[in-house]
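J.: Handing you a structure now.
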Amino acid sequence: MKRSAPTLGKDLTGLESLSPEQIRVILDTAEPFKEVSERQIKKVPVLRGKTIVNLFFEASTRTRISFEFAEKRLAADTVNIGAVGSSVSKGETLVDTARNLEAMRIDMVVIRHWSAGAAHFLASRIPSNVINAGDGAHEHPTQGLLDMLTLRDHFGRIEGLKVCIVGDVLHSRVARSNIYGLVALGAKVAVCAPRTLLPAGIEELGVRVFGRVEQAIEWSDALNVLRLQLERMQDGFVPSLREYNRVFGITRERLEWAPREMLILHPGPMNRGVEIDSDVADGPHSVILRQVTNGVAVRMAVLYLLTGDAPDLAEMARSGGAGRA
Ligand code: CP
């Protein structure tokens, strides 16, 4: 693959600001990186000599470990920092933490933070590349990208696909990144949730709204099922979890009414028996673990593309570097 414009710029803070061409470049760049993870020796020297700090101020399994695998498979040096155990717990500011890390000559920061806008705030204050690994209820761009890669793997295209995001859209950074990315690439996007879990004016993002999950299933090629974010909710968004499952849960019985083959995605972690039943999560429609696998390739692609001075992939393949490492 020839390394060429358009570049991503210094940071990846969200998909809202990316052009369709930039999104396609990330998805296309992820393709050769998928193969690296299937090798016995899962390493290419693309980011050799780069130092990357993973700053995770919120809990994470998939994103944190996926970024770390991606960095290590690109041969970068990595350091992991959380709120607990760092001087953040003593009241140090985000910018002071980052500037102290920069004083130790780092190249990139991957940040997950509870506050919407934290990644952009940091990116505008430090010269290192910044990647948003989820900021409050704002965006989770690499999750949106890996969801799109998984859809494209299965359907062979994004344009014209009907994708419905079902569940707690109000608190979901995954929903926003999916909406921005999918709309940019020409998908038809809908959301389905109780009104209490939809942001006001969601239609302005170019999505249609379904109030009943049966309508969503009839319309869609794929459902991206969101976790009820119980930790971000005050009381009163849904009457009870059992009620939510009864009305909005994705169950095998409901999928049997789908007029066409239906793909089920979920960003994780799942509340089994609430937004999704186990026989759907583990069933033939589910690509949930394929999303996780694609997450590593997408993150390798983003890390690679943000490092403007990384060697060309085709160049490396010719010299054996991106072949068998
Ligand atoms: N999808 C996702 O962000 O999962 P984690 O919270 O485990 O990283």
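The values are calculated or read from the model by the stated rules, or taken from the named source; none is laboratory data. None of the values given here were measured: they were computed from a predicted structure. All Cβ positions, even for glycine, are placed from backbone atoms using ideal geometry, and neighbour counts span all protein chains on display. Heads up: the accessible areas ignore ligands, DNA and RNA and are worked out on the full protein's heavy atoms, side chains in. Shrake-Rupley method; radii C 1.70, N 1.55, O 1.52, S 1.80 Å.
J.: With Arg105, Arg112, Arg73 as the choices, which residue is of a type in the set (D, E, K, R), surrounded by 21 or more Cβ atoms within 10 Å (Cβ to Cβ) and touching a strand residue (DSSP E or B) at 6+ places or on another chain (Cβ under 8 Å)?
T.: From the options Arg105, Arg112, Arg73, the qualifying one is Arg112.
J.: Return yes when Glu218 is more than 21 Å from the chain's Cα centre (by Cα), touching a residue at least 40 places away in the same chain (Cβ under 8 Å) and open to solvent by 60 Å² or more (accessible area, probe 1.4 Å) and no when it is not.
T.: yes
J.: Can you pull out the residues in segment 249-306 that are among the hydroxyl-bearing types (Ser, Thr, Tyr) and either at pLDDT below 95 or within 14 Å of the ligand (Cβ to nearest atom) (or both)?
T.: Going residue by residue through segment 249-306, those that are among the hydroxyl-bearing types (Ser, Thr, Tyr) are 251, 278, 286, 293, 304.
Answer for segment 249-306, where residues must be among the hydroxyl-bearing types (Ser, Thr, Tyr) and either at pLDDT below 95 or within 14 Å of the ligand (Cβ to nearest atom) (or both): just Thr293.
J.: Looking only at segment 35-70, filter to residues that are open to solvent by 80 Å² or more (accessible area, probe 1.4 Å) and among the aliphatic types (A, V, I, L, M); which one of those is farthest from the ligand (Cβ to nearest atom)?
T.: Step by step, filter segment 35-70, then rank; the result is Ile41.
J.: If you don't mind, another one. List the number of the failed condition for Gly160; all other conditions in (1) within 12 Å of the ligand (Cβ to nearest atom); (2) among the small types (Gly, Ala, Ser); (3) not in a helix (DSSP H, G or I) hold.
T.: (1)
J.: Would you be able to say whether some residue in segment 212-223 is among the small types (Gly, Ala, Ser), modelled with pLDDT of 95 or more, more than 16 Å from the ligand (Cβ to nearest atom) and outside any helix (DSSP H, G or I)? Please lay out each step first, then the result.
T.: First pass over segment 212-223, keeping only residues among the small types (Gly, Ala, Ser): 216, 220, 222.
Then keep just the ones that are modelled with pLDDT of 95 or more; that gives 216, 220, 222.
Now drop any that are not more than 16 Å from the ligand (Cβ to nearest atom), which leaves 216, 220, 222.
With outside any helix (DSSP H, G or I) added as a condition, the list becomes 220, 222.
Yes: one or more hits.
J.: Which of the residues that make up segment 137-154 are more than 13 Å from the ligand (Cβ to nearest atom) and open to solvent by less than 10 Å² (accessible area, probe 1.4 Å)?
T.: Met148, Leu149, Leu151
J.: Taking segment 163-195, which residues are hydrophobic (A, V, I, L, M, F, W, C), open to solvent by 10 Å² or more (accessible area, probe 1.4 Å) and part of a loop (DSSP other than H, G, I, E, B)?
T.: Taking segment 163-195 and keeping what is hydrophobic (A, V, I, L, M, F, W, C), we get 163-166, 169-170, 174-175, 179, 182-185, 187, 189-193.
Narrowing the set further to residues that are open to solvent by 10 Å² or more (accessible area, probe 1.4 Å) leaves 170, 174, 183-185, 187.
Result: Leu170, Leu185, Ala187.
J.: Would you check which residues across segment 247-276 are closer than 16 Å to Ile217 by Cβ and under 22 Å from the mean Cα position of the chain (by Cα) and list them? Quick ask: steps written out before the conclusion?
T.: The initial filter retains those residues of segment 247-276 that are closer than 16 Å to Ile217 by Cβ, namely 247-266, 275-276.
Ile250, Met262, Leu263, Ile264, Leu265, His266, Glu275, Ile276 - these are the residues of segment 247-276 that are closer than 16 Å to Ile217 by Cβ and under 22 Å from the mean Cα position of the chain (by Cα).
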